[in-house]
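Peer 1: Right, I'll just put the structure down here and ask away after.
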Amino acid sequence: MGKSQRKREKIEKKYTWNLSYIYKNDKAFNDDFNKVSNEINQISLYKGKLVSSAKVLLEYLDLSCNLERKLYKLYYYTNLKHDQDTTNSKYQKLLGKVINLLNEYEKLDSYSNPELMSVEYSVIEKYYQDEPKLKEYKFLLENVYRFKKHILSKEVEKVITSLGKTLDNPSKTYEALNDSDMKFGFIKDENNQEVELTSSNYRNFLQSKNRNVRKNAFEQMLNKYGEFKNTISSTFSGNVEMLTTLAKLKNYDSSLEASLFDDNVDIKVYNNLIKTVSNNLDVIYKYFNLKKEFLKVDEFHLYDQYVDLVSNNSKEYSFEEGKKLVLEALSVLGDDYTNNLKKAFNERWIDVYNNVGKRSGAYSSGFYDTKPYILLNYENTLNDVSTLAHELGHSMHTYYSCLHNPYQYSHYKIFVAEVASTVNELLLNLHLLNKSNDKEEKKYILSNLMDLFKATLYRQTMFAEFEKNMHDKVEHGEVLTNEILCNEYYKLNLKYFGKDVVLDEAIKYEWARIPHFYYNFYVYKYSIGLSCACYIVDNILNHKKNALENYLKFLSSGGSDYPINELKIAGIDVTKKEVVESAIKMFDSFIDQFKELM
C-alpha cells in the first residue's frame, strides 16, 4: 500500500488534476482578479432603480450572472490549488483575497432582493411582455417571489438580521462544548493499553472485536453526555424555540414547513418517509438478528451493532483497476454517459493520490466555467474504488447540468445532490457482486451495503422523527426538559431496534451528541437520496421503459426546476411510499444474500 505522504512534485502528472483549464497560470489568474476587482462596483449602478423597467431589470440580471461567473472562476481556481497542498502559503493568501472579494460583492449586491420585493410579482409578469428575453430568468424570479409572503417589513427584517449572531448562539455554544470542552477520559483498548477516548476514535472502539472494549466505550461516551444533559438540553431547546418562533413570525405553519420551504418540498415527503420506514421495521430487526447470530451472543446490545460482519478486505485495487471496474459498472448508463465519463480520466479532472499537505477525504468540485474536478486520497482499497464511483456521480451530474442549462440554472440543489453519486455507488457494488467468485469479497461488499442502508435509511429516519417530535412539542407549548428529551429518544430507540435488542440505559443520552439536530431538518435528505437512487437503479437494471433516458434528463435538469419536479423527470414521486419501499426491498435482499453466504 502506500501512495501516502509523498511530495506533490514526486507524483506522476497523469494522476494530478489539470487546473490549466481554468487559468493557464497564476499570471492569467492575477490579471483576471484585478479586472474583476474593478468590475464588481458596476452592480451598484442599479441600486434604487432595479425594478424601474424591464430593460433595467434584465441588464441587472445579465450583469450579476456575468460577475458571479467571474468571481466563482477565481474562487474555484484558488480553492483547488489550496486543497492540493494546504501548506502552500501563496494559495492560502490568494484564496483569502478571493473570499474577501466575494464578500465585498455580496455587500454591494445586498440591495437587490429587498428592491425586487418592493413590487408585486404582477409587475414582473408585465415586464416579460415588455422584454421577452427576461423570460430566461422566469424560474429564478418566481423562486425569489415565493418567499414574498414570508418576508416581513424592512424594519423587522433588519432587527432579525442584526440578531443573527445571537440567534446562532445555541448551535455555537453546543459546538464549543462538543468540539472543545468535553473530554471523555481514557479507556483500555484491545491490547489493554490506556488510550484517550475521543469523538473521532469512538467508532473504532465500537467496532472492536472485544466486547468489553465496545461496552466500556459506549457507556463512557454516552454517560459523559449524560453529565452535561442540562446544558445540552438548554442549547437544544433554545435552537428549537428559535426556529419555531421565527417560523411563526414569518407566517409559516411550522418550523418543519419553514425549513423545507427553500427546496419547495411539501412536508408530506418528510412524513411519508417516517411512515414508510416505520411500517417496515421488520427488515431492520432481521438485520440485527443476523448480527446477533453472527456474533454468537445470547443478548444483542446496542454496542454490538457496529461490529463488522467481515474483517477488512485486504485485496488491493490499483487506480487503473479501480478505473476499469467503475467504467464497466457504469456502462449500463449508456454510451453518452460512458463517453463523457472517460473525459474525467483523459482530461485529468481527478487528483488521485495523497501528498504532503493535501486536504484529506474526497470531494467533487466545479461549476459552469471549470471542469467538475475530483479530489481523492486513493489508497488502493475497495472503499477507494467506491469513493471514485461516488464522486464521479457528482461530477457527471455537474457536467450534464452545466452542459444543458444557462448559467443561472446550472446549479442543482443539495436535496438531489446525493442521488447521482449513490446511483453510481450502488451500480458499482452490484456489478462487483455479480462479477466476483470470491466468497469473502462478496460478503465484504454485502456487509458494507447493509451498513449503508442501516445508517442512512433507518438511523437518519429515526433522527428525523425525533427532530420533528421535539419541534411539535414546542409548537404545542411544551418545554423541552432533559427528562422529556431523554425519555422520547429512549422510546424511539425501542421502536427502531425492536424487542430482540437489549436497550442499554445510556442510549437515552445519545441525542445529545448528534450535531445534525442543529442543522434544521437536514437528515431526512440522506434517507430520501438513498431511496431515490435505489428506485433509479432498480428501474435501469430491470430495463424499465425510458428509465435510462429519464435518468439522463434528470441529470441534465440542473437547477431549472424545484427538486421534487426534477425527480419526477426520473419517474420518482417522493410523496409515494413505493420509492422508500424500493430501498427497503434492496436492503432486505442484501440480508438474504449474506445469510446464504454465511
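Peer 1: Say whether the condition of being within 20 Å of the chain's Cα centre (by Cα), among the acidic types (Asp, Glu) and not assigned by TED's automatic domain parsing to the domain that holds TYR202 is met by at least one residue in the stretch 543-555.
Peer 2: No.
Peer 1: Is the stretch 92-110 home to any residue that is within 30 Å of LYS149 (Cα to Cα), hydroxyl-bearing (Ser, Thr, Tyr) and at pLDDT below 95?
Peer 2: yes
Peer 1: With the structure loaded, tell me whether GLN460 is touching a helix residue (DSSP H, G or I) at 6+ places or on another chain (Cβ under 8 Å), in contact (Cβ under 8 Å) with a residue 24 or more places away in the chain, under 23 Å from SER589 (Cα atoms) and not hydrophobic (A, V, I, L, M, F, W, C) or whether it fails that test.
Peer 2: Yes; evaluated as a whole, the condition is true for this residue.
Peer 1: Can you tell me which of (1) in a helix (DSSP H, G or I); (2) exposed (fewer than 14 other Cβ atoms within 10 Å of the Cβ) is the one PHE345 doesn't meet?
Peer 2: (2)
Peer 1: Give the residues of the stretch 1-48 that are touching a Phe, Trp or Tyr at 6+ places or on another chain (Cβ under 6 Å), at pLDDT 95 or above and basic (Lys, Arg), sorted by residue number.
Peer 2: Correct list: LYS47 only.
Peer 1: Got at least one residue in the stretch 256-278 being hydrophobic (A, V, I, L, M, F, W, C), part of a loop (DSSP other than H, G, I, E, B) and either touching a residue at least 40 places away in the same chain (Cβ under 8 Å) or crowded, with 17+ Cβ neighbours inside 10 Å (or both)?
Peer 2: For the stretch 256-278, residues hydrophobic (A, V, I, L, M, F, W, C), part of a loop (DSSP other than H, G, I, E, B) and either touching a residue at least 40 places away in the same chain (Cβ under 8 Å) or crowded, with 17+ Cβ neighbours inside 10 Å (or both): present.
Peer 1: Something else about it: Can we say VAL56 is in contact with a helix residue (DSSP H, G or I) (Cβ under 8 Å, 6 or more places away or on another chain), crowded, with 17+ Cβ neighbours inside 10 Å, β-branched (Val, Ile, Thr) and outside any loop (DSSP other than H, G, I, E, B)?
Peer 2: Answer is no for this residue.
Peer 1: Across the stretch 145-166, which residue is modelled with the lowest pLDDT among those that are surrounded by 13 or more Cβ atoms within 10 Å (Cβ to Cβ) and assigned to a helix (DSSP H, G or I)?
Peer 2: GLU157
Peer 1: Pick from the stretch 111-144 the residues that are part of a helix (DSSP H, G or I) and β-branched (Val, Ile, Thr): which of them is modelled with the lowest pLDDT?
Peer 2: Only one residue fits best here, namely VAL144.
Peer 1: Does the stretch 229-240 include one or more residues that are among the charged types (D, E, K, R), surrounded by 17 or more Cβ atoms within 10 Å (Cβ to Cβ) and either touching a residue at least 40 places away in the same chain (Cβ under 8 Å) or within 19 Å of ASP179 (Cα to Cα) (or both)?
Peer 2: Looking for residues that are among the charged types (D, E, K, R), surrounded by 17 or more Cβ atoms within 10 Å (Cβ to Cβ) and either touching a residue at least 40 places away in the same chain (Cβ under 8 Å) or within 19 Å of ASP179 (Cα to Cα) (or both), one finds at least one in the stretch 229-240, hence yes.
Peer 1: Just to be sure I understand the filter: pairs with C-beta atoms under 6 Å, separated by 6 or more residues or on different chains, first member in the stretch 67-80 and in contact (Cβ under 8 Å) with a residue 40 or more places away in the chain, second member charged (D, E, K, R). Which pairs pass?
Peer 2: ARG69/ASP369; LYS73/ASP369
Peer 1: Restricting attention to the stretch 518-535, does a residue exist that is surrounded by fewer than 16 Cβ atoms within 10 Å (Cβ to Cβ), modelled with pLDDT of 95 or more and not hydroxyl-bearing (Ser, Thr, Tyr)?
Peer 2: Taking every residue of the stretch 518-535 in turn, none turns out to be surrounded by fewer than 16 Cβ atoms within 10 Å (Cβ to Cβ), modelled with pLDDT of 95 or more and not hydroxyl-bearing (Ser, Thr, Tyr).
Peer 1: Pick out the one residue from PRO406, PRO372 that is surrounded by fewer than 19 Cβ atoms within 10 Å (Cβ to Cβ) and under 27 Å from PHE554 (Cα atoms).
Peer 2: Every option except PRO406 fails the conditions.
Peer 1: A further question follows. Here is a list of conditions, (1) among the hydrophobic types (A, V, I, L, M, F, W, C); (2) buried (at least 23 other Cβ atoms within 10 Å of the Cβ); (3) under 23 Å from ARG459 (Cβ atoms), and LEU555 meets all of them except one; can you say which number that is?
Peer 2: Among (1) among the hydrophobic types (A, V, I, L, M, F, W, C); (2) buried (at least 23 other Cβ atoms within 10 Å of the Cβ); (3) under 23 Å from ARG459 (Cβ atoms), LEU555 violates only (3).
Condition check ((1) in contact with a strand residue (DSSP E or B) (Cβ under 6 Å, 6 or more places away or on another chain); (2) hydroxyl-bearing (Ser, Thr, Tyr); (3) surrounded by 16 or more Cβ atoms within 10 Å (Cβ to Cβ)) across all residues:
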site: LYS73; (1), (2), (3): no, no, yes
site: THR78; (1), (2), (3): no, yes, yes
site: TYR91; (1), (2), (3): no, yes, yes
site: GLY96; (1), (2), (3): no, no, no
site: SER122; (1), (2), (3): no, yes, no
site: TYR137; (1), (2), (3): no, yes, yes
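Peer 1: A further question follows. Filter the stretch 258-301 down to the residues that are among the charged types (D, E, K, R) and under 20 Å from the mean Cα position of the chain (by Cα), then identify the one that is nearest to ILE414 (Cα to Cα).
Peer 2: ASP263
Peer 1: Something else now. Could you check how many residues of the stretch 483-492 are in contact with a Phe, Trp or Tyr (Cβ under 9 Å, 6 or more places away or on another chain) and not hydroxyl-bearing (Ser, Thr, Tyr)?
Peer 2: Here the count works out to 4.
Peer 1: Can I ask one more? In the stretch 546-598, what residues are among the β-branched types (Val, Ile, Thr) and in contact (Cβ under 8 Å) with a residue 60 or more places away in the chain?
Peer 2: Matches in the stretch 546-598: ILE564, VAL574, THR575, VAL580, ILE584, ILE591.
Peer 1: If you don't mind, another one. With the checklist (1) without any contact (Cβ under 8 Å) to a residue 40 or more places away in the chain; (2) at negative phi; (3) over 23 Å from the mean Cα position of the chain (by Cα) in hand, flag the one item ALA455 doesn't pass.
Peer 2: (3)
Peer 1: Would you please list the contacts, defined by Cβ atoms under 7 Å and residues six or more apart or on different chains, that run from a residue in the stretch 338-350 that is in contact (Cβ under 8 Å) with a residue 24 or more places away in the chain and closer than 11 Å to MET396 by Cβ to a residue that is in a loop (DSSP other than H, G, I, E, B) and not hydrophobic (A, V, I, L, M, F, W, C)?
Peer 2: Close Cβ pairs (under 7 Å, with a partner that is in a loop (DSSP other than H, G, I, E, B) and not hydrophobic (A, V, I, L, M, F, W, C)) amount to TRP349/LYS371; TRP349/PRO372.
Peer 1: Look at SER199 and say whether it is buried (at least 19 other Cβ atoms within 10 Å of the Cβ) and either of a type in the set (Gly, Ala, Ser) or touching a strand residue (DSSP E or B) at 6+ places or on another chain (Cβ under 7 Å) (or both).
Peer 2: So SER199 does not fit the description; no.
Peer 1: Among the numbered criteria (1) touching a Ser or Thr at 6+ places or on another chain (Cβ under 7 Å); (2) aromatic (Phe, Trp, Tyr); (3) closer than 29 Å to ARG513 by Cα; (4) surrounded by fewer than 16 Cβ atoms within 10 Å (Cβ to Cβ), which one does TYR174 miss?
Peer 2: Here TYR174 meets the rest and fails (4).
Peer 1: Any idea which of (1) outside any helix (DSSP H, G or I); (2) in contact with an Asp or Glu (Cβ under 9 Å, 6 or more places away or on another chain); (3) closer than 30 Å to ARG8 by Cα is the one ASN312 doesn't satisfy?
Peer 2: (2)
Peer 1: Moving on to the next point. Return the total of residues in the stretch 373-392 being closer than 15 Å to LEU341 by Cβ and touching a Ser or Thr at 6+ places or on another chain (Cβ under 9 Å).
Peer 2: 6
The values are calculated or read from the model by the stated rules, or taken from the named source; none is laboratory data. Just so it is clear, the structure is predicted and the values come from calculations on it, not from any experiment. No Cβ is skipped: glycine too gets one built from the backbone with ideal geometry, and neighbour counts run over all protein chains shown.
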